[in-house]
Amino acid sequence: MITWKDKYSMGISRIDDEHKKFIDIINKAIVAKEHNNNPEELKEVLHEITIFAVSHFSTEETFMIEFNYAEYHSHKKEHILFSNTIIEFFNKIIDGDYQIADKIVECLKQWLINHILLTDKKYVGCFKENGLHLLHNHKLPIILTKVQLVIIPLKHHSHIKRN
Ligand code: FEO
């Protein structure tokens, strides 16, 4: 199981709170894997990742636009690639392939290491220069990207094959 460590912190409570939720989801994926790829748990994990991605990517991208962050486009590209990977996992589940807990856990762990610890860390200076670390419960408009609008309906898919 993964526990929150100081090295994961951006020093911005709004972002840290959301990343803590992501770690909770990784741990749920680990439990699903330990339960022999339990289909219901895997579906729940993918559902929660989807909700997380829609909300969290919107949070970060909205601040990037608001603060005119120089690496907005390359960062957003990583968000889109991650969302596409989640769609691929959904498609496997829909096709009845439940032996993917390993891949889901690995994908989420890699996202923590390669995206949160590297790519997300790059915006910290910009966000702090704009005072974000001083604000709490900063309200954001909801901005849904095209990919996010695609993945939301998937959780309502009613024709999932069962083994
Ligand atoms: Fe915290 Fe760019 O995802």
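The values are calculated or read from the model by the stated rules, or taken from the named source; none is laboratory data. Bear in mind the structure is a predicted one, so any value in this text is a computation, not a measurement. Here the Cβ is made from the backbone with ideal geometry for all residues, glycine too, and neighbour counts use every protein chain on show. These area figures cover heavy atoms from the full protein model, side chains too; ligands, DNA and RNA do not enter into them. Shrake-Rupley method; radii C 1.70, N 1.55, O 1.52, S 1.80 Å.
Quick notes on this structure:
- Within segment 111-127, residues that are outside any helix (DSSP H, G or I) have Cβ atoms under 9 Å from residues that are more than 10 Å from the ligand (Cβ to nearest atom) in these pairs: Tyr123/Phe63; Tyr123/Phe67; Tyr123/Tyr69; Tyr123/Glu71; Tyr123/Tyr72, counting only partners at least 6 apart in sequence or on another chain.
- Residue in segment 46-60 that is surrounded by 15 or more Cβ atoms within 10 Å (Cβ to Cβ), within 16 Å of the ligand (Cβ to nearest atom) and among the acidic types (Asp, Glu) present: yes
Here's the yes/no breakdown for (1) open to solvent by 70 Å² or more (accessible area, probe 1.4 Å); (2) within 14 Å of the ligand (Cβ to nearest atom):
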site	(1), (2)
Met64	no, yes
Ala70	yes, no
Ile80	no, yes
Ile87	no, no
Asp95	yes, no
Ile116	no, yes
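- Top-ranked residue of segment 33-45 - restricted to ones that are touching a residue at least 40 places away in the same chain (Cβ under 8 Å) and part of a helix (DSSP H, G or I), ranked as most open to solvent (accessible area, probe 1.4 Å): Lys33
- Matching entry among Val45, Val31 (being among the hydrophobic types (A, V, I, L, M, F, W, C) and touching a helix residue (DSSP H, G or I) at 6+ places or on another chain (Cβ under 6 Å)): Val45
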